[in-house]
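Each remark here refers to the structure printed beneath this line.
The values are calculated or read from the model by the stated rules, or taken from the named source; none is laboratory data. All of these numbers come straight from a predicted model, not from anything done at the bench. Ideal geometry is used to build each Cβ from the backbone, glycine not excepted, and the neighbour counts take in all protein chains shown.
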Amino acid sequence: MKSNKVVLSAKNISITFGALKAVTDFNLEIKENELVGLIGPNGAGKTTVFNIITGVYSPTSGEYYFNGEPVTKTPTYKLVKKGLARTFQNIRLFKYMSVLDNVLVANNFNMKYGILSGIFRFPNYWREEKEAKAKAMELLKIFDLDQYADTAAGNLPYGKQRKLEIARAMATNPKLLLLDEPAAGMNPTETEELMNTIRLIRDKFNIAILLIEHDMKLVLGICERLVVLDHGTTIAAGDPIEVINTPAVVTAYLGQEEE
Ligand SMILES: Nc1ncnc2c1ncn2[C@@H]1O[C@H](COP(=O)(O)OP(=O)(O)O)[C@@H](O)[C@H]1O
Ligand SMILES: [Mg+2]
């Protein structure tokens, strides 16, 4: 059943870089458990929206709220603690670290032991360490990556690295997960698998997901709603099939090669 709880609300967000209006008057509301797609041609401002929502960039104007709380210009690490997680357009894994350690690093955000307890290895340190490891393994299992726990992340096939990034993002217990082109560079089999994984985690963890993606099969396969950006402006929003048939959207995509 759908909840009416609004997880993210962005109001009239704009940002300029010098003379460039990268995003203009962006509005979005995402409810608990919703899966929304953010699409648009290259350079439309999609990643910039993620960077604003995650506190990487400060908007020139506008506000956004997370679980009803105003969080405009809140630093990234605080937003992570509040339940915001993301993956990046270009994979950002610790290549030489094991698959398990990549997930554990993210988990550390949520551990309660302080520096002293870490240095002196108090009992609560070991307990939390053990719990974190068990939880990380559980996550890896969900992503079908548990058999690679000890493998260096950089040695995984590309599609599995992308999945590991999502697993790592999930380790911080997010309420909203932002995925920036998770299927980029994947083959059709990997994309299909990814589609199932995204659905699975949304349902299993009851989280909201905002997905930037060029692969239309993936977008139309899982998104319940789409928002289309072009030159920083929202040119369409709503039902996926209706949206992609909107003349403005068709025009925006004309001449744009699929990547
Ligand atoms: N830090 C920045 N400084 C200057 N221009 C930027 C910066 N970040 C993004 N841009 C510009 O903003 C526009 C939108 O970029 P981006 O959000 O990455 O697009 P998309 O993710 O939709 O492909 C582009 O023209 C890009 O060059
Ligand atoms: Mg981008």
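For the reader, a short list of remarks on this structure follows.
- Among the residues of segment 63-109, those identified as touching a Lys or Arg at 6+ places or on another chain (Cβ under 6 Å), surrounded by 16 or more Cβ atoms within 10 Å (Cβ to Cβ) and more than 22 Å from Met186 (Cα to Cα) are Phe66, Gly83, Ala106.
- Selection from segment 25-52 of residues that are charged (D, E, K, R) and either near ligand 1 (Cβ under 7 Å from one of its atoms) or buried (at least 18 other Cβ atoms within 10 Å of the Cβ) (or both): Glu34, Lys46
- Among residues that are free of Cβ contacts under 8 Å to residues at least 60 places away in the same chain and closer than 23 Å to Thr48 by Cβ, Thr246 is included.
- Considering each residue of segment 50-66 in turn, at least one proves to be at pLDDT 95 or above, within 21 Å of Ile222 (Cβ to Cβ), assigned to a helix (DSSP H, G or I) and of a type outside the set (Lys, Arg).
- Among (1) more than 21 Å from Thr251 (Cβ to Cβ); (2) at pLDDT 95 or above; (3) not in a loop (DSSP other than H, G, I, E, B), the one test that Thr24 misses: (1)
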